[in-house]
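The values are calculated or read from the model by the stated rules, or taken from the named source; none is laboratory data. As the structure is a computational prediction, the values presented were derived from the model and not from experiment. Every residue, glycine as well, gets a Cβ built from its backbone with ideal geometry; the counts of neighbours run over all protein chains shown. These accessible areas exclude ligands, DNA and RNA; they are computed on the full protein's heavy atoms, side chains included. Shrake-Rupley method; radii C 1.70, N 1.55, O 1.52, S 1.80 Å.
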Amino acid sequence: IARLGTHVPMGNADIWLNYWNLWWWKTSLVQGQSPYHSEMIFFPTGVPLGLHTHSPANMLGTLPVNVLFGVGPALNLAIFAGFFLAGLGGFLLAREYTQKALPAFLGGLAFAYFPQHVDQATEHLNLASYWAMPLFLWALVRSIRRGGRQWVAATGCFFALNALLAWHNALLAIPLATGLAAFEYWQGSRPLRRVTLDLIGAATLSLI
């Protein structure tokens, strides 16, 4: 914690790719250029970066810190905020089912500091950024159970955020959401037609 401004997690190789990503997004956006093409690589023709691992949500979310304090603090902010937000999302999802604070807190703690998460945090910022997944599932459950525009909007926005953090995590969320939605469908707390329309609305918002 005392070295957030001078040190970054010790990865073997890809940590520097993410370090470069943060520098490149700051450089390109400040200069009014697209971060999805760079003339600095294979100059003067440059290269398209559409298939490069960007994690746009992390790049944009940490941009103010990146501009004011530099790449290292921005990278550390994204990593450490990811642990906190993963714990918060895990807590909210677990509390939705347990209705008890302590088990939900323990569930959030276990989800936030799952060994795979800790390991990815030293190397792959995009794969370590799965904190929007439990928030998406939590909003999905509330949308199915309660309805309401706010939960439909939250479901769509959190899924889109998953994709903007890492496409891998968005793809992983789909089978989880399908299973959870099927379970909630089976409970039948709201009319099937209303639930289906809400899910279509959330999916449409997410695509937009």
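Evaluate the charge dipole of region 1-158 about its Cα centre and quote only its size in Debye, nearest 20, assuming +1 on the Cβ of each Lys and Arg and -1 on the Cβ of each Asp and Glu.
Working: 8 positive and 5 negative charges, 152 e Å.
Using only the charged Cβ atoms, the result is roughly 720 debye.
Under a 1.4 Å probe, what is the accessible area of region 134-174 per residue, stated in Å²?
44
For the chain, give the percent of accessible area contributed by carbon and sulfur heavy atoms, probe 1.4 Å, rounded to a whole number. Display every interim value, and only then the final one.
On the way: 8180 of 11630 Å².
Taking all protein chains in place, the chain shows 70 percent carbon and sulfur surface.
Counting only C-alpha contacts under 8 Å and six or more residues apart, can you give the relative contact order of the chain as a whole percent? Numbers along the way, then the final one.
On the way: 264 pairs, mean separation 39.6, N = 208.
Result for the chain is 19 percent.
Hey, of [x] -0.75, -0.88, -1.46; [y] -0.69, -0.78, -1.30; [z] -0.58, -0.68, -1.37, which did the structure itself give for log10 I(q)/I(0) by the Debye sum over Cα atoms at q = 0.12, 0.13, 0.19 Å⁻¹ when calculated?
[y]
Want the number for Thr178 to Thr98: 0.36 nm per residue separation, take away the alpha-carbon distance, what's left?
26.8 nm
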